[in-house]
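We did not get these values from a lab; they are worked out from the coordinates using the rules stated. Quick caveat: nothing in here was measured; it's all calculated off a predicted structure. Here Cβ is always computed from backbone atoms with ideal geometry, including for glycine, and neighbour counts include all displayed protein chains.
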Amino acid sequence: MKKKKVIAIVAHDNRKKDMIEWVTWNWKEFIHHSLVCTGTTGSLVENKLIEKCRENDVIPPDIVRLKSGPLGGDQQLGALICEGKVDMLIFFWDPMQPQPHDVDVKALLRISTLYNIPTATNRSTADFIISSKLFHQEYEPILKDYGAYIKRDLDFNQ
């Protein structure tokens with residue numbers, strides 16, 4: 001994981017306000033990194049960061065906006081994680097509201113765990129991640145070798 005990180009930002013509808021408050025509070029941390037966001041969250045984050053950067057005469061970070069989560073954005077993000085193009089995931093999900101794409105949400109969280117990227121699913125964990133001394137340093141996560149699982153599945157299917 002390089003010093004300049006690619007940070008994925010996702011928020012369910014009932015958590016978008018919390019996410020924007022969090023991004024506003026931490027905007028200075030993001031200008032050193034690149035962001036990738038799903039749908040509406042990306043629009044909100046981009047608008048807020050552009051506003052804060054203009055007020056302070058700094059260049060806003062690069063922001064890539066994917067599709068909305070229910071329209072495939074969660075899956076697009078999962079693919080980017082699998083390709084090693086995302087370094088961490090900040091996902092303010094709503095555990096109290098069923099989502100039409102719950103399987104996609106579960107798959108995204110599974111992939112972030114599988115590829116051992118730092119993942120925050122709430123504000124407190126996001127605060128710990130962004131305030132860690134590792135946040136602005138190079139870091140190499142240890143990846144588990146899942147080859148034994150694949151071999152087991154291949155042996156089972158024969």
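Data for the structure
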item	result
Charge dipole (debye, nearest 20) of the chain; +1 at Cβ of Lys and Arg, -1 at Cβ of Asp and Glu	160
Amide hydrogen neighbours beyond the local backbone of VAL36, cut-off 5 Å, H modeled	ILE7, ALA8, ILE9, VAL64
When each of LYS2/LYS106; LYS4/LYS144; LYS16/LYS106; LYS17/LYS48; LYS4/LYS67; LYS52/LYS133 is checked by Cα-Cα distance, pairs over 21 Å	LYS2/LYS106; LYS4/LYS144; LYS4/LYS67; LYS52/LYS133
Contact order normalised by residue count of the stretch 6-157, Cα under 8 Å, 6+ apart, percent	25
Linear extension gain, THR24 paired with GLN76, 0.36 nm per residue minus alpha-carbon span	16.2 nm
Two-site FRET efficiency, GLU138 against ASP102, from Cβ-Cβ distance with R₀ of 41 Å, rounded to 0.05	0.70
Trypsin sites (Lys or Arg not before Pro) lying in DSSP loop within the stretch 1-102, provided at most 15 other Cβ fall within 10 Å	LYS2, LYS3, LYS4, LYS67, LYS85
Option label - percent of Cα pairs over 27 Å apart computed here, alternatives (i) 24; (ii) 16; (iii) 12	(i)
